[in-house]
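The values are calculated or read from the model by the stated rules, or taken from the named source; none is laboratory data. Remember, predicted model here, so these are calculated numbers, not experimental data. FYI the Cβ positions are ideal-geometry reconstructions off the backbone, even for glycines, and counts take in every protein chain you see. Please note that ligands, DNA and RNA were not included when accessible areas were found on the heavy atoms of the full protein model with its side chains. Shrake-Rupley method; radii C 1.70, N 1.55, O 1.52, S 1.80 Å.
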Amino acid sequence: MSAQVFVARECAAGESRVAATPETVKRYIKEGLTVVVEAGAGAAANIADALFTEAGATVTANAQETNAAWASADVILKVSPPQQNESLGADEASLPKQGAVLITHAWPHRQLAMVKTLAEHKVSCLAMDLVPRISRAQVMDSLSSQANIAGYKAVVLAASRLAKYFPLLMTAAGTIQPSRVIIMGAGVAGLQAVATARRLGALVEVSDIRPAVKEQVESLGAKFIELPMQESGEGQGGYAKEVSAEFLAKQQAVLKQRLSQADVVITTAQVPGRPAPRLVTEDMVKGMRPGSIIVDIAADSGGNCELTENNREVVKHGVLIMGYSNLPNTMPLDASNLYARNVQALVKLINDKGAIKLNLEDEIIAGALLTTDGAVRHAPTAEAIKALG
């Protein structure tokens with residue numbers, strides 16, 4: 001009997017993505033799996049239930065069937081971490097059967113209670129946000145696929161709200177100077193933001209604590225802001241790492257002058273499992289031009305700007321600060337398409353001719369495995385739970 005994959009409808013506030021699409025459903029079925037989709041799972045991403053049915057999936061008809069699917073599935077696919085599901089009247093982390101595999105973004109450092117529940121119910125959780133950043137796992141890298149969307153959308157939002165053009169324009173009424181955009185952080189989101197701002201014709205400068213990204217920045221037509229580099233900000237897997245307060249202060253002194261000339265600032269710097277580094281102080285905001293804009297992609301982990309408020313737009317010292325924690329949600333169709341392919345690639349790794357098997361010797365499985373057999377496998381999370389008592 002082939003293993004059953006269940007695609008849950010997201011219940012988190014504002015979550016519009018879905019963990020599978022008709023395209024990936026067809027792949028699952030071709031690979032010997034059966035698929036059940038919760039009714040309305042793709043509605044917010046403009047994917048109708050009928051499209052899942054046409055692809056070969058069974059769509060649940062009511063809450064009773066949905067609860068049964070949660071309880072019987074061998075693999076459960078989600079986007080956001082399990083939480084209390086009011087429509088089902090239960091905590092999603094407690095719904096899977098013992099031994100089931102849950103694949104989702106887990107953000108375990110923020111969800112310790114959820115992790116404990118998964119472990120207690122002996123659910124094996126493969127966390128998409130823990131997939132190691134190695135070449136073989138690139139197709140499964142949902143952090144990159146979603147960050148790419150966030151970087152693009154941050155620039156589009158800024159351009160739509162800025163009271164001036166992005167490009168240089170020479171008209172009969174005179175010349176319009178191009179907007180100046182500063183991107184802080186040259187990871188996936190930052191580089192996409194650079195490319196998008198350059199396509200719109202802006203002058204772009206980039207700040208990053210990793211000197212290695214300078215070549216990438218310049219290849220996109222942007223200028224790299226040289227910072228004091230007494231220490232490297234290069235972390236494992238291409239991520240940034242935390243730097244000392246002294247180094248950060250020297251950075252900010254250089255950036256304050258640059259920000260005073262900027263029309264738009266896009267902040268994207270994040271450190272895995274840690275609060276976002278504070279790169280833009282209130283004093284720096286005070287020095288910015290009235291009417292300028294900050295889009296803080298790191299809002300949900302505390303924000304790169306001292307004045308950012310998560311999921312809110314605020315005006316401080318004449319500067320519009322946009323703190324959006326989940327920009328991929330604003331483009332749910334493409335965000336779902338990309339995330340679903342990331343998930344499908346991971347499922348393929350554990351699918352053995354229609355049966356689900358976790359090979360703990362595989363470095364991708366070992367790296368992404370948060371819980372299994374009643375234990376918390378991810379060491380930092382296990383230590384954090386132990387510290388709580």
Angle between the Cα long axis of helix 188-199 and the longest principal axis of the chain, 0 to 90 degrees, nearest 10?
-> 50
Among Phe247, Phe52, Phe166, which one shows the biggest mean-square fluctuation in a GNM of the chain, springs joining Cα atoms closer than 10 Å?
-> Phe247
Report the far tail of the P(r) of the stretch 6-52, meaning the percent of Cα-Cα pairs longer than 17 Å.
-> 28
Residue-wise, which Karplus ³J(HN,Hα) couplings in Hz belong to the stretch 8-17, taking 6.51 cos²θ - 1.76 cosθ + 1.60, θ = phi - 60°, and x for glycine or proline?
-> 7, 7, 6, 10, 5, 4, x, 6, 10, 8
Heavy-atom accessible area per residue, the stretch 250-352, 1.4 Å probe: how many Å²?
-> 38
Set of lysines near Lys78 by C-alpha distance (under 27 Å), chain-local residues within fewer than 8 positions excluded | Lys26, Lys30, Lys97, Lys116, Lys122, Lys153, Lys348, Lys353, Lys357, Lys386
Around Leu369, with a cut-off of 14 angstrom between Cβ atoms, what is the net charge of the other residues, counting Lys and Arg +1 and Asp and Glu -1?
-> -2
Binned at 5 Å from 0, what are the whole-percent values of the Cα-Cα distance distribution for the stretch 254-384, short to long?
-> 2, 9, 14, 14, 13, 12, 11, 9, 7, 5, 3, 1, 0
Assuming 1.306 mPa s and 10 °C, estimate D for the stretch 323-367 with Stokes-Einstein, Rh taken as the Kirkwood radius over Cα pairs, in µm²/s.
-> 127
Where the eigenvalues come from the Cα gyration tensor of the chain, what are the semi-axes √(5λ) of the equivalent ellipsoid, largest first, in whole Å?
-> 40, 23, 18
For Val36, list long-range residues whose amide hydrogen, built 1.01 Å from N in the peptide plane, is under 5 Å from its own amide hydrogen.
-> Val5, Phe6, Val7, Thr58
Normalising by the residue count of the stretch 1-151, find the relative contact order in percent from Cα pairs under 8 Å and 6+ residues apart.
-> 19
Taking Lys and Arg as +1 and Asp and Glu as -1, residues besides Arg312 with C-beta under 13 Å from its C-beta add up to -3
Among beta bridges assigned by DSSP with both residues in the chain, the antiparallel ones amount in percent, to the nearest 5, to 35
What list of ³J(HN,Hα) couplings, whole Hz, do you get for the stretch 168-185 from phi and the Karplus terms 6.51, -1.76, 1.60, once you set θ to phi - 60° and write x for glycine and proline?
-> 6, 10, 10, 10, 5, 8, x, 9, 9, 6, x, 6, 9, 10, 10, 9, 10, x
Among residues other than Glu65 whose Cβ falls under 15 Å from its Cβ, what is the net charge (Lys/Arg +1, Asp/Glu -1)?
-> -1
May I ask for the distance between the Cα centers of the stretch 294-336 and the stretch 162-181, given as a whole number of Å?
-> 26
Amide H proximity to Ala100 below 5 Å, modelled H, separation 5+ or other chain, gives Ser124
What whole-number value in Å² describes the accessible area per residue of the stretch 1-91 for a 1.4 Å probe?
-> 41
Once phi for every residue in the stretch 22-35 is put through the Karplus expression 6.51 cos²θ - 1.76 cosθ + 1.60 (θ = phi - 60°), the whole-Hz ³J(HN,Hα) values, with Gly and Pro written as x, are x, 4, 6, 4, 4, 5, 4, 5, 4, 8, x, 9, 9, 10
Could you name the lysines whose alpha carbon sits less than 16 Å from that of Lys286, not counting residues in the same chain fewer than 8 places away?
-> Lys256, Lys316
If amide H atoms are modeled at 1.01 Å from N in the peptide plane, then the residues at a separation of 5 or more from Ile321, or on another chain, having amide H under 5 Å from its own are Ile294, Val314, Val315, Lys316
In whole percent, the fraction of accessible protein surface over the stretch 1-108 that belongs to carbon or sulfur atoms, probe radius 1.4 Å, stands at 51
